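For reference, the structure discussed in these notes is given below.
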Amino acid sequence: MLLTILKSKIQRVRITRAELYYQGSLTLDPALMRAAGMYASEMVQVVNLNNGTRLETYIIQGKTPGNGEVVLNGPAARLGYVGDEVIILTYAQMTPEEAADHAPTVVMVDDDNKPVEA
């Protein structure tokens, strides 16, 4: 049996842009991706703390590491506004034995979406 377990999350990051007329996905700062152990094309769940919406999409790696970019693209752009705080989650399939020893990666950010020590 495999369990779906939280792999990583970026906590309370702010949306920096919304691009409705763009092929869907979530564009993320490569530095945030690296800190959280997230990958381009990986499925993510985005939970909006301001309006309660939850969406599933995939990651597109941004071009500039360290710029704090978090962009809702395509239909996802209707589910959040610039400045909304979101939590970005990834999951992994694990056996119960693997899950027993697993600790998710949690990335906290400052007001500029830069990773900080928790």
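The values are calculated or read from the model by the stated rules, or taken from the named source; none is laboratory data. No experiment lies behind these values; they were computed from the predicted model shown. Using ideal geometry, Cβ is built from the backbone for each residue, glycine included, and neighbour counts are taken over all protein chains shown.
Please find, among Ile88, Ile59, the residue that is modelled with pLDDT of 95 or more, of a type in the set (A, V, I, L, M, F, W, C) and closer than 20 Å to Glu117 by Cα. Only one candidate passes the filter, namely Ile88.
The numbered conditions (1) out of contact with any Lys or Arg (no Cβ under 6 Å at 6 or more places or on another chain); (2) assigned to a strand (DSSP E or B); (3) farther than 18 Å from Asp112 by Cβ are all true for Val47 except (1). Tell me, please, whether a residue that is free of Cβ contacts under 8 Å to residues at least 12 places away in the same chain and of a type in the set (Val, Ile, Thr) can be found in region 92-101. No, that holds for no residue. Cβ separations smaller than 9 Å between residues 6+ apart or across chains give the following pairs from region 58-81 residues that are aliphatic (A, V, I, L, M) to residues that are in a helix (DSSP H, G or I): Ile59/Met33; Val70/Leu32; Val71/Ala77; Leu72/Arg78; Leu72/Leu79. Here Tyr58 clears all of (1) aromatic (Phe, Trp, Tyr); (2) closer than 14 Å to Thr27 by Cβ; (3) not in a strand (DSSP E or B) except the condition numbered (3).
When residues of region 1-28 are filtered for being assigned to a strand (DSSP E or B) and free of Cβ contacts under 8 Å to residues at least 60 places away in the same chain, how many remain? Explain how you work it out, then say what you get.
Here is the first cut: in region 1-28, the ones assigned to a strand (DSSP E or B) are 3-14, 17-19, 25-28.
Checking which are free of Cβ contacts under 8 Å to residues at least 60 places away in the same chain leaves us with 19, 25, 27.
Residues that pass the stated criteria total 3.
I'd like to know if region 83-91 contains one or more residues that are over 12 Å from the mean Cα position of the chain (by Cα) and either assigned to a strand (DSSP E or B) or free of Cβ contacts under 8 Å to residues at least 40 places away in the same chain (or both). No, that holds for no residue. Taking the conditions exactly as written (over 19 Å from Asn113 (Cα atoms) and not acidic (Asp, Glu)), does Thr95 satisfy them or not? Taking the combined requirement at face value, the residue satisfies it. Restricting Leu55, Leu32, Leu72, Leu28 to those that are crowded, with 20+ Cβ neighbours inside 10 Å and in contact with a helix residue (DSSP H, G or I) (Cβ under 7 Å, 6 or more places away or on another chain) reduces the list to Leu72.
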